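Worksheet for the structure shown next.
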Amino acid sequence: MGRKAVIAGNWKMNCTWASSVRLAQRISDCCDKKYPDIDIILCPPFTYIKGVANVFSFDRSDIQLGAQNVYEEMPEGIAAATGQVSVEMLKDLECSYCIVGHSECRQHNGESDELVARKVKLLLEHGIIPIICCGESLEVNKAGGTVEFVSGQIRTALEGLSATDVAKSIIAYEPIWAIGTGEVPIPEKIDAICAAIRGLVREMFGSEVAEAVRILYGGSLKPANAHQILPLENVDGGLIGGASLDAEDFHDIVKSAKELMKR
Ligand code: 13P
């Protein structure tokens, strides 16, 4: 197979400047340069990216940086987009990745599939790898519509991209009802949904791209359940919220990935 595992932390709207630097330092102390087979990525709030980048640069760390969102356009000249953060700004902050389409952004900011698709395209044009989130509500899940729903989200996000761009992108399956709730789908379900997403990528871009694209699971992924989720055939890692705010928990998940994910 040859897909490199990914363990990404999404800090969401947490920390202060001081606590973000402390947390980054703790994570660097336990994870830096010990896991060459895993892409370890931290996505702090915009305001703390530089502080975290300074920690990693001082340590010459191999931990990588991501943002949690980006504005969908990169206008020429004066950019009339109050309160937004551009793709060029993320590059300036040494972000190699950016989360897009997180269910919290879709819900709170009304981000549509089409808007998410514009962000994905823009990021790839600027050399930043998108971590494209998808995931269904409890109602959709209960009605048995998960595959159809997430396939619709991912189809729109990927439509019109080149095979090369899709192959380097990351997709994260995050059922909304599992985020921050302690509820997790049974492992067979997680694998089946991730397999369906890979199947969609195969249908759209062919087998080579489907085998290359990395698909993560997110939603109450913790040290206690990582051993059930990370070895799944179609799961290439995790997008971790709450547990990424604790250096030991985050490291435990990274350790599980090393032990369990033979790719
Ligand atoms: P939790 O791990 O806190 O459930 O959050 C998952 C998530 O939304 C990551 O993007």
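Derivation of every value follows stated rules applied to the coordinates shown; laboratory data play no part. All figures in this text were calculated on a predicted structure; none of them were measured in a lab. We place every Cβ from the backbone using ideal geometry, glycine too, and count neighbours over all the protein chains shown.
Neighbour counts of other Cβ atoms within 10 Å put LEU93, LEU42 in the fewest-to-most order LEU93, LEU42. The share of C-alpha pairs in the chain whose separation exceeds 24 Å stands at 44 percent. Normalised radius of gyration (Cα atoms, divided by 2.2 N^0.38 Å) for region 205-253: 1.30. Over all distinct Cα-Cα pairs of region 92-243, the Kirkwood formula returns a hydrodynamic radius of 15.4 Å. Note on region 5-143: the C-alpha convex hull projects to 9.9 nm² when averaged across all orientations. Among CYS31, CYS105, CYS95, a tally of other beta-carbon atoms within 10 Å of each Cβ gives an order, fewest to most, of CYS105, CYS31, CYS95. With the biggest extent put first, the Cα atoms of region 22-63 measure 29, 17, 14 Å across the principal axes. Take the Cα of ASP37, step 7 Å along the line toward its Cβ, and report every residue of region 2-20 whose backbone nitrogen sits under 15 Å from that point. Of the residues in region 2-20, 2-7 have backbone N under 15 Å from the label point off ASP37. Taking 0.36 nm per residue of separation and subtracting the Cα-Cα distance, full extension of the segment from SER57 to GLU88 would add 9.2 nm. The modelled label-to-label distance between GLU148 and GLU188, using points 7 Å beyond Cα along the C-beta direction, is 2.3 nm. Treating r as the C-beta distance of THR181 and GLU139 and R0 as 22 Å, the FRET efficiency rounds to 0.90. Temperature 20 °C, viscosity 1.002 mPa s: under these conditions the Stokes-Einstein estimate for region 169-257, based on its Kirkwood radius over C-alpha pairs, is 162 µm² per second. Where does the charge balance sit around TYR48 when Lys and Arg score +1, Asp and Glu -1, over other residues with C-beta under 12 Å from its C-beta? Charge balance in the 12 Å sphere: +3. Please identify, among ALA143, ALA172, ALA224, the residue showing maximal mean-square fluctuation in a Gaussian network model of the chain using a 10 angstrom Cα cutoff. Of ALA143, ALA172, ALA224, the most mobile in the Gaussian network model is ALA143.
Which one, GLY180, GLY242, GLY110, has the greatest fluctuation when you compute a Gaussian network model over the chain with C-alpha springs under 10 angstrom? Fluctuation is largest for GLY110. From the alpha carbon centroid of region 12-42 to that of region 142-211 is 27 Å. Charge tally for GLN84 (other residues, Cβ to Cβ under 12 Å; Lys, Arg +1; Asp, Glu -1): -2. Note: relative contact order over the chain, using C-alpha pairs below 8 Å and six or more positions apart, is 22 percent.
The distance between label points at ALA163 and GLU208 comes to 0.5 nm (points 7 Å beyond Cα on the Cα→Cβ vector). Taking R0 as 30 Å, what's the FRET efficiency between GLU114 and LYS4 from their Cβ-Cβ distance, rounded to 0.05? Given R0 = 30 Å and the Cβ-Cβ separation, E is 0.50. The distance between label points at LYS50 and MET74 comes to 2.1 nm (points 7 Å beyond Cα on the Cα→Cβ vector). Just want to confirm a number: the relative contact order over region 120-171, from Cα pairs under 8 angstrom separated by 6+ residues, in percent. It rounds to 49 percent for region 120-171. The 3J(HN,Hα) values that the Karplus relation (6.51, -1.76, 1.60; θ = phi - 60°) gives for region 3-11 are, in residue order, 8, 6, 5, 10, 10, 10, x, 10, 7 Hz. Gly and Pro appear as x.
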